[in-house]
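One structure below.
The values are calculated or read from the model by the stated rules, or taken from the named source; none is laboratory data. This one's a predicted model, so the numbers in the text were calculated from it and none came from an experiment. When we count neighbours, we look across all protein chains shown, and the Cβ atoms used for this are built from the backbone with ideal geometry, even at glycine. All accessible areas refer to the heavy atoms of the entire protein, side chains included, with ligands and DNA or RNA removed. Shrake-Rupley method; radii C 1.70, N 1.55, O 1.52, S 1.80 Å.
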Amino acid sequence: MQTSSAKGPRVIVVDGAHPDTRAIEEAASLLRAGGLVAFPTETVYGLGARALDGAAIRRIFEAKGRPAAHPVIAHVEGESQALLLAAEWSALASKLARAFWPGPLTIVAPKKSHVPSELTGGGDTVGIRAPSHPVARALLTAFGEPIAAPSANRFQEVSPTRAAHVVKSLGARVDLVLDGGCTDRGIESTVVAIEEETRIVVLRPGSITLEDLRAFGDVVFEARNAESHATRMSPGLDAKHYAPRARLVVSSRHDMSLAIRDASHAGAIFVGKKAEIGAREVRALPADATGFAAALFATLHDLDDAGCDVVVVEAPPDTEAWLAVRDRLARAKS
Ligand code: TXA
Ligand code: MG
């Protein structure tokens, strides 16, 4: 089945578990021709282009309206393809790849000289991950080369977890959207760099937690500030990111009604059970971090579509399991 409209991109609906070979072949030939293809990963939808083609990557930046100094993640089938891009691949990088790939872990490594500077934001490292989503994997296999893909949304907007979010944000700026349904993790990959062979520096928290990583080395994570590792080593980690149109406020359950008192069409997102606070749109998300993360971005899109001017989110627990969710909420509100 497929749909298209005069203004929008071409959208092909594929089975998320067993995508149609013809659709995948068509997407791969578009990539070969330097085109942009949006596809589902297990985290969020990616906006894909040929990773070894600087001109194709420049099209990603134009489509997103993203500053050129931001590096883009290269998606690979597995470790052997990663070695086409990385000049050094430490024993620890290899251990992490074996433990978490395919899956939501991006490993930053020194780049080989042929890797285009457009991919790395002008820097000398490249972020690499092997996604686990069957559609992403089928596309990587058919294409046979690494695919550069940031999240498939305009710069600073909420990342897409459904094909409709991609169409809403990018419209005809993307050549083709493979619609493989909603993504299951709902939050972007964990990004790590490796220092001195044994230290794992978390540059962006994600669905692979610090606890998951501790089995493999000393894990360093510093909250973002002007001096932190994440800010120095990961130029794309702007304070403002993932922002809905509505003003987003994070508040303790007790103060939620106060936070929306000036709103004309308030939305509320609860952790677990709802409470009556006088909001027009009320959503209750799962009280566990994984379930909450999976639904968060789709709920923010939904509340924007419902016309909310203010969205108040109940502050999640201040525990490590909720680190990635709290990171995204902090950046959505600034
Ligand atoms: O889950 C994900 O990672 C999604 C899906 C599509 O795979 N992709 C994604 O890509 O979120 P993007 O481009 O929106 O996020 C890229 C971020 C950069 O802003 C930066 O923080 C970090 O990943 N990154 C990528 N390459 C890096 C590098 N060479 N050095 C440091 N940080 C890097
Ligand atoms: Mg993004």
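The table below gives the values:
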{"quantity": "Computed magnitude of the charge dipole of the chain (debye, nearest 20; Cβ of K, R +1, Cβ of D, E -1)", "calculated": "720 debye"}
{"quantity": "List Arg280, Arg173, ordered by accessible area with a 1.4 Å probe, largest first", "calculated": "Arg280, Arg173"}
{"quantity": "Whole-Å semi-axes of the ellipsoid equivalent to the range 13-99 (Cα gyration tensor, √5λ, descending)", "calculated": "23, 20, 13"}
{"quantity": "Volume per residue that the Cα convex hull of the chain spans, once the total is divided by residue count, Å³", "calculated": "128 Å³"}
{"quantity": "Extended-chain gain in nm, criterion 0.36 nm per residue less alpha-carbon gap, Asp20 and Arg253", "calculated": "79.3 nm"}
{"quantity": "In range of the label at Asp212: residues from the range 65-97 whose backbone nitrogen is under 13 Å from the point 7 Å along Cα→Cβ", "calculated": "96-97"}
{"quantity": "Listed residues Ile73, Ile128 arranged by accessible area, highest first, probe 1.4 Å", "calculated": "Ile73, Ile128"}
{"quantity": "Under-5 Å amide H pairs with Glu157, H placed in peptide plane, nonlocal only", "calculated": "Tyr242, Ala243"}
{"quantity": "Calculated FRET efficiency for the pair Lys112/Ala172, C-beta based, R₀ 30 Å, to 0.05", "calculated": "0.30"}
{"quantity": "Cross-link pairs Lys168/Lys333; Lys64/Lys112; Lys95/Lys333 - those with Cα-Cα distance over 32 Å", "calculated": "Lys95/Lys333"}
{"quantity": "Whole-percent carbon and sulfur share, accessible surface of the range 247-332, 1.4 Å", "calculated": "51 percent"}
{"quantity": "The chain: calculated mean residue ellipticity at 222 nm from DSSP helix runs of at least 4, using -39500 (n - 2.57)", "calculated": "-8500 deg cm²/dmol"}
{"quantity": "Peptide ranges 263-276, 188-201 listed from the most packed, as the mean C-beta count within 10 angstrom indicates", "calculated": "188-201, 263-276"}
{"quantity": "Surrounding net charge for Val14, when Lys and Arg each add one and Asp and Glu each subtract one, Cβ distance under 10 Å", "calculated": "-2"}
{"quantity": "Per residue, in Å², the accessible surface of the chain once ligands and nucleic acids are set aside, probe 1.4 Å", "calculated": "41 Å²"}
{"quantity": "Amide hydrogen neighbours beyond the local backbone of Leu203, cut-off 5 Å, H modeled", "calculated": "Val191, Val192, Ala193"}
{"quantity": "Residues with amide H under 5 Å from that of Val177, placed H, sequence gap 5 or more", "calculated": "Arg10, Val11, Ile12, Ala38"}
{"quantity": "Phi-based couplings in Hz for the range 63-76 (Karplus 6.51, -1.76, 1.60; Gly and Pro marked x)", "calculated": "4, 7, x, 9, x, 5, 6, 8, x, 10, 6, 9, 9, 10"}
{"quantity": "Two-decimal Rg/Rh across the range 247-332, once Rg and the Kirkwood Rh are taken from alpha-carbon atoms", "calculated": "0.93"}
{"quantity": "Leading residue at positive end of dipole, the chain (Cβ point charges), from Val271, Leu303, Ile107", "calculated": "Leu303"}
